[in-house]
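One structure is given here, and the rest of the page talks about it.
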Amino acid sequence: MTSRSSPRLNAQWCRHQQVSREADCTFDHNFCHWKIEDRTADKPDSDTWHLPRDNRLIKDHTFNADGGGFAYLFSFRSKKESRISSPKLAENTPYCLSFWFSEIYEDEDAELSIARVREGEEEVVVWNIKQKELTDPPVSDQSPKWRYAQVLLESQPSEYQVVIHGKVYDSSWALDDITFFPDRTNCKLLPRKVQPVRDDA
Ligand SMILES: [Ca+2]
């Protein structure tokens, strides 16, 4: 599994692999180990990130298949926000977080961001994009596109979580194929329009 000779390092390496696998998600059956933060008993699924049923606007990214398999947040002329949080990520490990996202319908107010969170500490936004900044290719009501994104999560001194925060007014965000690559530091910030990065690690 690894050529590292120290048993302690081997154990640490295996744990990092395990926690990153737990945080990976293709959304094909459920949210894996991710949690919808704002789900409440009296709130229908459609008010939060959810798995769409019979969505014909965009195909799932994993299999290019109709009928779901991605996380989806939409709103029709009302401000809506929803967050999903990852399982705990290991300390002392840099991760390259990669995922695919798409926007459906033009919406000046739509925004998507990723923050590093740890209990008792202020959240740190590490990736953020407004829909109006997506120009390559431009947003199209007729043919939404999956866009590749990645961001380096610097090594942290203690466990933490990642939160994906979607905001919409008159559109949708779709998310798919979240993958954490432990110890990969060659991890260019994508897409290029992403801002701001305030990771102070
Ligand atoms: Ca999928």
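Observations on the model:
- All of Glu119, Glu133 fail the test of being more than 21 Å from Ala23 (Cβ to Cβ) and over 13 Å from the mean Cα position of the chain (by Cα), apart from Glu133.
- Total residues in the range 125-171 satisfying the condition of being under 23 Å from Phe63 (Cα atoms) and among the aromatic types (Phe, Trp, Tyr): the figure is 2.
- Scope the range 114-134; condition surrounded by 19 or more Cβ atoms within 10 Å (Cβ to Cβ) and in a helix (DSSP H, G or I); matching residues: Gln131
- Only one of Ala90, Ala65 that is aliphatic (A, V, I, L, M) and either under 17 Å from Val151 (Cα atoms) or in contact with a Phe, Trp or Tyr (Cβ under 9 Å, 6 or more places away or on another chain) (or both): Ala90
- Selection within the range 148-186 - more than 12 Å from the chain's Cα centre (by Cα) and closer than 30 Å to Arg77 by Cβ: Lys167, Val168, Tyr169, Asp170, Ser171, Ser172
Quick note: the coordinates plus some simple rules give every number you see, no bench work behind them. Bear in mind the structure is a predicted one, so any value in this text is a computation, not a measurement. Methodologically, a virtual Cβ is constructed for each residue, glycine included, from the backbone with ideal geometry; neighbour enumeration extends over all protein chains shown.
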